[in-house]
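Report on one structure; see the data block that follows.
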Amino acid sequence: MKILVCVKRIPDPDESLKFAGGGLDYSASKWVPNAFDEYAIETALRLAEVVGGTQRLAEVIVLGIGPESQRQQLTQFLAMGADRGIIVDADPDKLDTATVSKLIAAVFKKEAADLLIAGKLSQDNEGGQVPQRVAGLLDVPQASFAATVEWDQAAKALTVGREVDDGVEVKRVPLPAVVSVDLRIVLPKSVKNGSTPATHAYQEGPRLASLKGITMAKRKPVAVLKPSDLGVAVGTNEQVVGVAAPPARKAGQKVKTVEELFEKLTKEAKVI
Amino acid sequence: MTAGNPLLSDRDVAFLLYEVHDAAALLRLPAFADHDRDTFDLFLANARSLAREVLYPAYRPMDEAAPTFTDGRIKVHPRMRTIWPRLCDLGVITASRPVDVGGQQLPRTVALLAEAYLMAANLGAYCYAGLTAGAAHLIEAFGSDDLKDRYMRRMYAGEWTGTMALTEPQAGSSLADIRTRAVPQDDGTYAIQGGKIFISGGDHDIADNIVHLTLARIDGAPAGIKGISLFAIPRLWPGPDGLVDNDVSTAGMIHKIGWRGLPSLVINFGERGACRGELVGYPGHGLSYMFQMMNEARLMVGLNGVATAAVAYHESLAYARERRQGRPAGRRDPHSPPVPIIEHADVRRMLLRQKAIVEGGLSLLIETARLTDLAHHADDEEVRRRSALLLDLLTPIAKSFAAERGYDSNALALQIHGGYGYSSEYLPEAWLRDQKLNSIHEGTTTIHGLDLLGRRALAPGALQTLGREILQTCSQAQAAGLDLADVVALQEAAGAAGALIAELAGRHLADPERMLRHSHDVLDIFMTITVAWQWLRQATAARRALSRGTLSTDDDAFYRGKLQAAQYWLRTELPRVAPLVRLCRDEEDSYANTRPEWF
């Protein structure tokens, strides 16, 4: 089994936004891995490893799209336990969602991967389109917003619990497939691979990389590909017209009587 | 992280590491050649995540519910059971140990900053790892291969923990008076009998076994420090069929006012005459061996002082930005909205003083770590020698600065919180309680004053080495265009301190009591000067960055803040040196000549 996981680097969402020249100013940003991608790698590693043993059930490959020199987030995922990495060397500012999806699909095919695990969205632009597009391009089944995953090794299929508006929808997808993961996938018992004891409780959240893992990560192979190697033309059909902070919230109104409040709710706000 | 205490400023850590202390230069040393800056940054990123997400949320619960002592055993806070394996997994215990003992050979300079985050988050939780690392390092340095196999490897792996067992009820600061006995046995082990007190982490329920690195006297050994040997005494003896009782008992728990996550215990060896220990190294060398761990532990305490001040500083900074009280002088209109208290100059005084102590102290601690790296791994033997000499001189200074000024800093953090700060609803009081221990353990401030003036400052070449470093900083500061008056002030203070030591040494070698009378003030002088030296280095780096121009708004603010804090220390603290020097030189005798019965 081969699992492909994508990582995107994003400006630290905990930093306040800065604006310059009608857009966002990233010049002083600290770059971190997209949190949902961290959940994706955690899911892949839980599927691949057998707790209490040394056996690996799957090869985990991390894919990053961006300048070759900026690979710290990919190294972090290798340090967490992925086996090898692939960088598609391209300027992410010149790629739209459609192109990114094509690149991922091309790598998936080139690797003959069995499973793509992706975060459900990236926290910076919250597009939430890539996994679905990749599944479409590959013409394979998909299960999005996964909260639980169970791997039926014999049947080569996954049973995925999807978070939907009114609860959890359970879906069975044969491999190869695309799964996008949501926050609850990193709860202690969300991922089962059929070999790690089903009672095993993982630490909640994505694992940290150990220092040993970090030093070992640098010895793991990382292939660098150009978009042209994958037969994908780079370009974008998206254009940022402008970015502005939302208007500041207006001050509230103070009312003297219940009658006045009722009046305002019915006539002004028209909510009653 | 969103709206949480950052523990330390990430920006400041990167600045100190790369722009002031040039950690990248360490990568050129063969010992660190396998690393790169990404390794440093990723390790720090993972350490700070563990600190912020796991250790910090457990701090208050661990402060509120200290370990319990029932039926002769200690139970620590249940959260430690999840924290301990995660600390071990991260690799903090062996981060800077050599590869051949299972470490990752990371520079101490980088490992220290990871520890700073963890300590700022939860000092008690971290210190199980710190103590285990120090104890295992003693076996690594002085133990036989057999001891390394049976003890050190398990300790470095976090399967067992370690302690340092020195103090006895009648022998605290005065270790020459210890009485714990060791009697040689036919099988090469020693029968141990005695009692130790204030043993941090001496019992717990987070790992299978505890190895006490213990000072004891072999029967027939000479009195005083030459008769002291070092022993590894496991709580449970590793026998062929597993761990068996080794007659090590927990006799009591100290009810501490701080550091409540980490138990401090009375440990008895051989109550039933059945405790065995194993000699580490040669007989009679115990205290000199233990100085390795003590010197490491002193720097760990120093770092803890900085970390405990740092977390409180950030708490009070956030509070001062939010809390609205009063109106600026000259704008008393009661209809105008009150301003955040950071708008008041005196609140900014308290914040800037904390910043100066925290970031100046951290820089001094990083310097000691860099010297540790160079002392062990520099190519040039002369660099190794000078680094060791300077490290030896700076150790009591860095430890005492962080403990004493750190306490001032923690008091200011509480002060900024006003009446709320004086309540247990808010955290600054807890950090203030924690901080107080740092001027007591690993040598009280008194001991370090005596040690500095009576021994370390007199080591041939030590003060000259410090003087050269300070001069070099001064010339770089001047070249960067910093105010000449500040540069000259530091040079003069350093010169005066050096002259004072020479004068005291010359005048009073025959009369140590008079020579050491003002040891506390001498320590204060060196604390103030060495931190001024660190601030001048930081100001130099900041000035250079500002002159390069084209900075982001954040960076511009960051560097300007550095210049202000440097100015604060150089112009309001450094001038204290001259009167202190006069006091020492004049041998002011108020307390020296006050008889005990006059109190």
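Which residues, taken from region B:59-110, are among the β-branched types (Val, Ile, Thr) and under 30 Å from residue B:29 (Cα atoms)?
From region B:59-110, those among the β-branched types (Val, Ile, Thr) are B:68, B:70, B:74, B:76, B:82-83, B:92-94, B:99, B:101, B:109-110; that's our starting set.
B:92, B:93, B:94, B:99, B:101, B:109, B:110, listed by residue number.
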Count - residues of region A:202-211 that are in contact with a Lys or Arg (Cβ under 9 Å, 6 or more places away or on another chain) and open to solvent by 60 Å² or more (accessible area, probe 1.4 Å): 1
Residue within region B:530-538 that is surrounded by fewer than 22 Cβ atoms within 10 Å (Cβ to Cβ), assigned to a helix (DSSP H, G or I) and not hydrophobic (A, V, I, L, M, F, W, C) present: no
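For region B:126-239, which strands (runs of 3 or more DSSP E) that fit wholly inside it have 1 or more residues that are open to solvent by 10 Å² or more (accessible area, probe 1.4 Å)? Walk me through how you get there before you give the answer.
Details: elements: B:160-165, B:181-184, B:190-200, B:209-218, B:228-234, B:236-239.
Those strands (runs of 3 or more DSSP E) span B:160-165, B:181-184, B:190-200, B:209-218, B:236-239.
Quick grid of which residues meet (1) within 26 Å of the chain's Cα centre (by Cα); (2) farther than 24 Å from residue B:301 by Cα:
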site	(1), (2)
B:145	no, yes
B:166	yes, no
B:172	yes, no
B:187	no, yes
B:217	no, yes
B:229	yes, yes
Of residues in region B:59-88 being touching a residue at least 40 places away in the same chain (Cβ under 8 Å) and within 10 Å of another protein chain (Cβ to nearest Cβ), the one farthest from the chain's Cα centre (by Cα): B:85
Meets criteria (open to solvent by 70 Å² or more (accessible area, probe 1.4 Å) and modelled with pLDDT under 95) for residue B:297: no
Filter pass, residue B:50 being in a helix (DSSP H, G or I), at the interface with chain A (Cβ under 9 Å from one of its Cβ atoms) and in contact with a Lys or Arg (Cβ under 7 Å, 6 or more places away or on another chain): yes
Some residue of region A:103-116 being among the aliphatic types (A, V, I, L, M) and open to solvent by 50 Å² or more (accessible area, probe 1.4 Å): yes
Hits in region A:20-40 - residues which are within 11 Å of another protein chain (Cβ to nearest Cβ) and either touching a Ser or Thr at 6+ places or on another chain (Cβ under 8 Å) or in a strand (DSSP E or B) (or both): A:20, A:25, A:27, A:28, A:31, A:32, A:33
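Test residue B:119 against the criterion of being in contact with an Asp or Glu (Cβ under 8 Å, 6 or more places away or on another chain), more than 14 Å from chain A (Cβ to nearest Cβ) and assigned to a helix (DSSP H, G or I), and give yes or no. Outline the logic, then answer.
Details: in contact with an Asp or Glu (Cβ under 8 Å, 6 or more places away or on another chain): no; more than 14 Å from chain A (Cβ to nearest Cβ): yes; assigned to a helix (DSSP H, G or I): yes.
Judged against the criteria, residue B:119 is not a match.
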Residue pairs meeting the criteria (Cβ under 8 Å; at least 6 apart or on separate chains; first at pLDDT 95 or above, in region B:570-581; second aromatic (Phe, Trp, Tyr)): B:570/B:535
Members of region A:1-10 found to be within 14 Å of chain B (Cβ to nearest Cβ) and open to solvent by less than 20 Å² (accessible area, probe 1.4 Å), listed by number: A:7
Some residue of region A:151-159 being within 14 Å of chain B (Cβ to nearest Cβ) and among the aliphatic types (A, V, I, L, M): no
Test: residue B:200 is under 11 Å from residue B:279 (Cα atoms), of a type in the set (S, T, N, Q) and in contact with a helix residue (DSSP H, G or I) (Cβ under 9 Å, 6 or more places away or on another chain): no
Candidates A:270, A:256, filtered to the one that is surrounded by fewer than 16 Cβ atoms within 10 Å (Cβ to Cβ), at pLDDT below 90 and over 30 Å from residue A:58 (Cβ atoms): A:270
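Counting only residues that are within 24 Å of residue A:79 (Cβ to Cβ) and assigned to a loop (DSSP other than H, G, I, E, B), which one in region B:5-14 is most open to solvent (accessible area, probe 1.4 Å)?
Initial filter on region B:5-14 (within 24 Å of residue A:79 (Cβ to Cβ)): B:6-8, B:10-11, B:13-14.
With assigned to a loop (DSSP other than H, G, I, E, B) added as a condition, the list becomes B:6-8.
On the way: B:6: 43, B:7: 0, B:8: 9 Å².
Ranking the candidates gives B:6 first.
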Residue within region A:133-148 that is crowded, with 18+ Cβ neighbours inside 10 Å and over 30 Å from residue A:93 (Cα atoms) present: yes
Among residues of region B:464-516, those that are open to solvent by 30 Å² or more (accessible area, probe 1.4 Å), at pLDDT 95 or above and in a loop (DSSP other than H, G, I, E, B), counted: 2
Residue check, residue A:42 open to solvent by less than 30 Å² (accessible area, probe 1.4 Å) and touching a residue at least 60 places away in the same chain (Cβ under 8 Å): yes
Selection within region A:199-240 - part of a helix (DSSP H, G or I), touching a residue at least 24 places away in the same chain (Cβ under 8 Å) and within 13 Å of chain B (Cβ to nearest Cβ): A:213, A:214, A:216, A:217
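Filter region A:172-198 down to the residues that are of a type in the set (Lys, Arg) and surrounded by 15 or more Cβ atoms within 10 Å (Cβ to Cβ), then identify the one that is farthest from the other protein chains (Cβ to nearest Cβ).
Among them, the one singled out is A:192.
Residue check: is residue B:184 within 22 Å of residue B:265 (Cα to Cα) and not hydrophobic (A, V, I, L, M, F, W, C)? Spell out how you get there, then give the answer.
Working: within 22 Å of residue B:265 (Cα to Cα): no; not hydrophobic (A, V, I, L, M, F, W, C): yes.
In short, no.
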Every residue from region B:15-40 that is touching a residue at least 24 places away in the same chain (Cβ under 8 Å), crowded, with 16+ Cβ neighbours inside 10 Å and either of a type in the set (D, E, K, R) or within 12 Å of chain A (Cβ to nearest Cβ) (or both): B:19, B:32, B:35, B:39, B:40
Residue within region A:163-171 that is assigned to a strand (DSSP E or B) and open to solvent by less than 40 Å² (accessible area, probe 1.4 Å) present: yes
All positions within region B:95-109 that are within 18 Å of the chain's Cα centre (by Cα) and either in a loop (DSSP other than H, G, I, E, B) or at the interface with chain A (Cβ under 10 Å from one of its Cβ atoms) (or both): B:95, B:96, B:107
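The values are calculated or read from the model by the stated rules, or taken from the named source; none is laboratory data. Every value quoted in this text rests on a predicted model; they were computed, and no experiment measured them. Methodologically, a virtual Cβ is constructed for each residue, glycine included, from the backbone with ideal geometry; neighbour enumeration extends over all protein chains shown. Ligands, DNA and RNA are stripped out before the accessible areas are found, and what is left, the full protein with its side chains, is counted by its heavy atoms. Shrake-Rupley method; radii C 1.70, N 1.55, O 1.52, S 1.80 Å.
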